[in-house]
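Have a look at the structure that comes next, please.
The values are calculated or read from the model by the stated rules, or taken from the named source; none is laboratory data. Since the structure is predicted, the reported quantities are computational estimates derived from the model, not experimental observations. In this analysis, Cβ positions are derived from the backbone assuming ideal geometry, glycine residues included, and neighbour counts consider all displayed protein chains. Accessible surface areas use protein heavy atoms only, side chains included; no ligands, DNA or RNA. Shrake-Rupley method; radii C 1.70, N 1.55, O 1.52, S 1.80 Å.
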Amino acid sequence: MSVLVDEVMKLSPPPSDQKASSKDFQSDQDVRWCPGCGDYSILAQTQRVMPDLGIPRHRMVFVSGIGCSSRFPYYMNTYGFHSIHGRATAIASGLKMARPELSMWVVTGDGDGLSIGGNHMIHLLRRNLDINVLLFNNQIYGLTKGQYSPTSEKGKITKSTPFGSIDYPFNPAALALGSSATFVARTLDRDPKHMQAIIKRAAEHKGTSFVEVYQNCNVFNDGAFFQFTEKDTKDDTAVYLEHGKPLTFGKEKDKGIRLNGFSPEVVSLKDGKWSVNDLLVHNEKDTTLSFILADMTYKAGLPRPIGIFLAIDRPVYEQEMVRQIAFAQEKRGDGDMVKLLNSGDTWTVQ
Amino acid sequence: MAEKTIQNLEEVTIRFAGDSGDGMQLTGTQFTNTTAILGNDLSTLPDYPAEIRAPAGTLFGVSGFQIHFGSTEINTPGDQCDVLVAMNAAALKVNLGSLIDGGTIIANSDGFNDKNLKLAGYASNPLTDGSLQKYHLHSVDITKLTGLAIQDMNLSSKLVDRSKNFFALGMMYWMYNRPMESTIDWIEKKFGNKPEIKEANLRVLKAGWNFSETTEIFAVRYEVGPAKLAPGKYRNITGNQALAWGLIAASKKAKLDLFLGSYPITPASDILHELSVYKHFGVKTFQAEDEIAGVTSALGASFGGALGVTTTSGPGVALKTEAIGLAVMVELPLIIVNVQRGGPSTGLPTKTEQADLLQSLYGRNGEAPVPIIAAATPADCFETAFEASRIALKYMTPIFCLSDGYLGNGSEPWLIPDYNALPEIAPKFRTEKEGFFPYSRDEQTLSRPWAIPGTPGLEHRIGGLEKQHITGNVNYEPLNHEFMIKMRAEKIERIANEIPLAKVEGDSQGDLLVVGWGGTYGSIKSAVAHHRQKGNSVSHLHLRWLNPMPRNVGEILYKFKHILIPELNLGQLVKVLRAKYLVPAVGLNKIQGLPFKSIEIESKIEEILRGSK
């Protein structure tokens, strides 16, 4: 670690008795999202969770790309980098490798993260740096005023698809799991308690945490997720994943998911045929199960899984980098510039 | 045994040529290292195809290595070669044109069988049909002799075939009276755990030597004495290696971590390879998923207080363009190394060119000035990379560090610098809370403070949107935008305060000034020297700094009747100088994937001088 950076890190004030509040995490900038935007909620929950993490503000960095989601850093009173479209994951990776001790957050959207940013996203996930990715999925391009996105449903009529989109959408959770992600979760802008819990778990996870947030864009794609968030429908359309608990849903928890072979199917717990013991029990550590659950996402007749699909451990990239350097220094001694310059076959001219 | 006469030579150029996969680069590199240790001045030109191992015997598969060495000052790899070692017919076909009349050919006769002749497009065997009469032709069955040297080892014919380059090397070592110790040491180390191959190569090397000594075909042996280099300690070094070391040296001086975000690309990959070995220097190398991740990860690292570097060639710079613009906006240090190659598009990956100057100057959207410094010789890459880092850190800016394939792969003796005497690089991280604004300016350099994440009390946000002066808040106001555009331009202009004034080699005024940049330095220097020896009024100006330029360039240009700018492109610096100084400079443009021959520039100078009489 650079001597100069070491000196800066030593400047940290000792942790005070008074815990930071969510207000401390609010920057002085006026928030400019449209009234009614789901981003306000995500911002609020994030600011509410940050004090609980025990990490000082000045050691946190929020890196974003381009999009409504990516205005996020301006509103957080931490270090922030509003970068270029799709590249936040790469910038954050470089920053994390240079400064492994920082708490790194990437804020992105379905366009920024999965369209132009798709490549950097999958590589971040496979490398498993300790970075938290918050992907605001509103299934539309909001900032550029209403084009479809890689998560928009097929047939969607938008400014650039007046005859309906012919694109098949990405399943973000499946994409992340397919990239060997170690932490994949889904939450909702309109469920503050759930979102807080997920953000906290993401922060605690050592490795890349991929959090898909269903976010309502009330101007260009209003209601995209209402079936999962609104009182009269959510109980029947969403199933909450809880580690060690069977998958049940419905207002009276009278429906469940069981595996028929490898396929999840909905069964009633009321008609005497099936009991709670026949149901699929969620296991955050089971990668095979996580794929099955993610696959439920766009299947008709199945509820939408919400919660943590997978939370496993794999070596963390920047720590491996640090270890290699330490190993090299142990083996060869700290690099000596004078020795290096004078190495190899040399000769002297008198 | 007849006495061999020994002839002293001031300089000689040898070209080794064969199939790619025949070990010509290895042979050339070994000969170069030995020659360097002997104290000769030298310059090299590896010349190989883009493909890994083209079909044997084909014209497009020919790989060559040219070395020009001597007891005099050597500035170029040689316009023509004096000796051509041709391992097969294709190698002869491709390279005969660069052999001087009366030059020496050493041909491996086994590589001139019917199949090879056909592939090379020869109707008859040039070794026997008299067509090579004007040369000193030595036809030697190197393959057979190699086989004989190791026949009792019962090695496969493939292994025999692979060692024949050492036979040729041994022959050349004898012919130019070079000791073989360095190569012997190298073979013993490299094949330490493959005793059979080690033994075979050693035997073949010595067999080549012995053959030359014993045989009647070589009547003369040559001596090329050490050059009068400035006193000091030397080593031979390639441009890419020198560049890598310059970056490490800069990071150590600055007490920063070096972070390289890079992606393999010819001819820059070797810098990534070289830096990845120096983990004990704390160097972090990251082979990113693509060029864009390479540059953006480096920029992220700079945000965190590292010395962020990305290395690439022309096509990579094209991909990195948006990110470089972001670096301009967020005003963070970022070194972008472009080892230029033939373009456009995929172009000629293993051939040299210098056609990315305008890309470096103007490649971004909007007004996005980026300083540019270009290396002149392989060894100069060290100082160029060091200086690029120093300026990037002092002015909080991205910077282009230009090299090219010829410099990157070429080598020359390098007077090893005293690390402790290198210029100071002393970046400071901002820590004081009082009066901190992300976009306040240093009075002298106009650079903004470097407040890295992890510093308590300085939490702020940066980004690609236009910034308000001082506060750094996002701001779209018309006058602020114009102010910031001009401010960023002015900051880059102020780098001229640091740049040494341009120096003319020759007279400060006269008939003709030849101006160059980048790797054409040696060829231009050589050409101008020849004209000055004849008493002509010709001088040479070499520019390392292309943006900004030294403050006195204009006044230098105005003192000459004619200005000639040889470039390996269609005319880029010539456009810049014409526009900036309103001078009627003319270009000499060669875009063949090869460096200038000294004679090409000499002829053009001759033409201009004659025309102006």
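As a test of understanding, state the convex hull volume per residue of the range B:267-322 from its alpha carbons, in Å³.
Each residue corresponds to 73 Å³ of Cα convex hull volume.
Next question, about the same structure. Please report the net charge: other residues with Cβ closer than 10 Å to the Cβ of B:M153, K and R +1, D and E -1.
Details: positive: B:R203; negative: B:D152, B:E196, B:E199.
Within the 10 Å Cβ shell, the charges total -2.
Which of the lysines could a cross-linker span from B:K590 if the Cα-Cα distance has to be under 21 Å and same-chain partners fewer than 8 positions apart are dropped?
Qualifying lysines at Cα under 21 Å: B:K351, B:K525, B:K575, B:K604.
If I compute solvent accessible area with a 1.4 Å probe over the protein chains, what percent of it on the protein assembly as shown is carbon and sulfur? Each step should come with its number before you reach the end.
Values: 19950 of 38370 Å².
For the protein assembly as shown, the apolar C and S fraction of the accessible surface comes to 52 percent.
Could you check what % of the DSSP bridge pairs in the range A:7-124 are antiparallel, to the nearest 5? Show your work: numbers first, answer last.
Values: 1 of 10 bridges.
About 10 percent, rounded to the nearest 5.
Interface size between chain A and chain B, please: total buried accessible area, 1.4 Å probe, rounded to the nearest 100 Å².
Working: alone 18460 and 25940 Å², together 38370 Å².
It comes to approximately 6000 Å² buried between A and B.
On a 0 to 90 degree scale, rounded to 10, what angle separates helix B:195-214 from the longest Cα axis of chain B?
Taking Cα atoms only, the helix is inclined about 60 degrees.
Check the straight Cα-Cα distances from A:K245 and name the aspartates and glutamates below 19 Å, setting aside those fewer than 8 residues away within the same chain.
Once the sequence-local aspartates and glutamates are set aside, what remains near A:K245 is A:D235, A:D236, A:D254, A:E265, A:D278, A:E284, A:D286.
What is the set of long-range amide H partners of B:L99 at a cut-off below 5 Å, with H atoms built 1.01 Å from backbone N?
Counting only residues 5 or more places away or on other chains, the set is B:C81.
Sequence-distant or interchain residues sharing an amide H contact under 5 Å with A:V213, placed H: which?
Amide H to amide H, under 5 Å and 5 or more residues apart or across chains, A:V213 pairs with A:L135, A:F136, A:N137, A:T187.
Separate question: Using a cut-off of 16 Å between alpha-carbon atoms, which aspartates and glutamates can reach B:K228, once sequence neighbours fewer than 8 places away in the same chain are excluded?
B:E10, B:E11, B:D41, B:E73, B:E412
Can you give me the Cα centroid spacing of the range B:279-315 and the range B:490-568 in angstrom?
Each part reduced to its Cα centre gives a spacing of 34 Å.
What trypsin sites (Lys or Arg not before Pro) in the range B:166-232 are in a loop by DSSP, with at most 15 other Cβ atoms within 10 Å of the Cβ?
On the way: sites: B:K189, B:K190, B:K198, B:R203, B:K206, B:R221, B:K228; in loops: B:K228.
Taking the range B:166-232 and a limit of 15 other Cβ atoms within 10 Å, the loop trypsin sites (Lys or Arg not before Pro) found are B:K228.
Add +1 for every Lys or Arg and -1 for every Asp or Glu among the other residues with Cβ under 13 Å from the Cβ of B:S63, and state the total. Could the numbers behind the result be given before it?
Numbers: positive: B:R15, B:R53, B:K351; negative: B:D19, B:D22, B:D47, B:E51.
After counting each charged neighbour, the total is -1.
Would you mind checking the pairs B:K394/B:K503; B:K255/B:K433; B:K428/B:K503 and listing those with alpha carbons more than 29 angstrom apart? Write out the running numbers ahead of the final one.
Working: B:K394/B:K503 24 Å; B:K255/B:K433 23 Å; B:K428/B:K503 32 Å.
Check vs 29 Å cut-off fails for B:K428/B:K503.
Take the alpha-carbon centre of the range A:183-197, take the same for the range B:325-377, and report the distance between them in whole Å.
The two parts, judged by their Cα centres, are 44 Å apart.
Let me ask something else. Could you give the angle, 0 to 90 degrees to the nearest 10, between helix B:598-611's Cα long axis and the longest principal axis of the Cα atoms of chain B?
That helix lies at roughly 70 degrees to the long axis.
Follow-up. Quick one: of the DSSP bridges fully inside the protein assembly as shown, what percent are antiparallel, nearest 5?
Numbers: 48 of 136 bridges.
Beta bridges within the protein assembly as shown, antiparallel portion: roughly 35 percent.
Let me ask another. So which residues of the range B:269-284 lose at least 50 Å² of accessible area, probe 1.4 Å, when you go from the chain by itself to every protein chain present?
So the qualifying set is B:K279, B:H280, B:F281, B:K284.
From the Cα gyration tensor of the protein assembly as shown, with a ≥ b ≥ c the square roots of its eigenvalues, which class applies: rounded if a/c is under 1.5, or else prolate if a/b is larger than b/c, or else oblate? Please report the intermediate quantities before stating the final value.
Values: a/c = 2.39, a/b = 1.72, b/c = 1.40.
It is prolate, given that a/c is not under 1.5 and a/b is the larger ratio.
For chain A, which longest stretch is free of loop sites, where a loop site is one of the chymotrypsin sites (Phe, Trp or Tyr not before Pro) that DSSP puts outside H, G, I, E and B and that has at most 13 other Cβ atoms within 10 Å? It would help to have the intermediate numbers written out before the result.
On the way: sites that count: A:F163, A:F262.
It runs A:1-162.
Shifting gears a bit: Okay, helix-only estimate at 222 nm for chain A: each DSSP H run of n ≥ 4 adds -39500 (n - 2.57), divide by all residues, round to 500 deg cm²/dmol; what do you get? Each step should come with its number before you reach the end.
Values: 12 runs with 106 residues, N = 350.
After summing the helix terms and dividing by residue count, I get -8500 deg cm²/dmol.
Also, I was wondering about something else. Considering only DSSP beta bridges whose two residues both sit in the range B:295-430, what percent are antiparallel, to the nearest 5? Could you put the intermediate results ahead of the total?
Details: 1 of 15 bridges.
Counting only bridges with both partners in the range B:295-430, antiparallel ones make up about 5 percent.
Protein chains only, probe 1.4 Å: how do B:I100, A:I42 rank by accessible area, largest first? Could the numbers behind the result be given before it?
Working: B:I100 50, A:I42 0 Å².
Descending order: B:I100, A:I42.
Which net charge results for the neighbourhood of A:L102, defined as the other residues with beta-carbon distances under 9 angstrom from its beta-carbon, given Lys and Arg at +1 and Asp and Glu at -1? Don't skip to the answer; put the middle values down first.
Numbers: positive: A:R59, A:K96, A:R99; negative: A:E101.
Neighbour charge sum, excluding A:L102 itself: +2.
Counting other Cβ atoms within 10 Å of each Cβ, which trypsin sites (Lys or Arg not before Pro) in the range A:31-105 have at most 14 and sit in a DSSP loop?
Values: sites: A:R32, A:R48, A:R57, A:R59, A:R71, A:R87, A:K96; in loops: A:R32, A:R87.
Listed in order of number, the matching sites are A:R32.
Positive end of the charge dipole of the range B:275-355 (Lys, Arg +1 and Asp, Glu -1 on Cβ, about the Cα centre): tell me which of B:L332, B:T312, B:V295 has its Cα farthest that way.
B:T312
When the helices in chain B are scored as -39500 (n - 2.57) per DSSP H run of 4 or longer and the sum is shared across all residues, what 222 nm value do you end up with, to the nearest 500 deg cm²/dmol?
Working: 19 runs with 223 residues, N = 613.
Estimated from H runs of four or more residues: -11000 deg cm²/dmol.
Which of A:N221, A:N260, A:N128 moves most in a GNM of chain A, Cα contacts under 10 Å?
Between A:N221, A:N260, A:N128, it is A:N260 that shows the largest mean-square fluctuation.
Relative to the longest principal axis of chain B, what angle (0 to 90°, nearest 10) does the C-alpha long axis of helix B:157-175 take?
90
Check each of the trypsin sites (Lys or Arg not before Pro) in the range B:414-508 and keep only those in coil by DSSP with at most 10 other C-beta atoms within 10 angstrom; list them in order. Write out the running numbers ahead of the final one.
On the way: sites: B:K428, B:R430, B:K433, B:R441, B:R461, B:K467, B:K486, B:R488, B:K491, B:R494, B:K503; in loops: B:K428, B:R430, B:K433, B:R441, B:K503.
Answer by residue number: B:K428.
For the range B:477-540, what is the largest minus smallest coordinate of the Cα atoms on each principal axis, given in angstrom and ordered from greatest to least?
62, 24, 19
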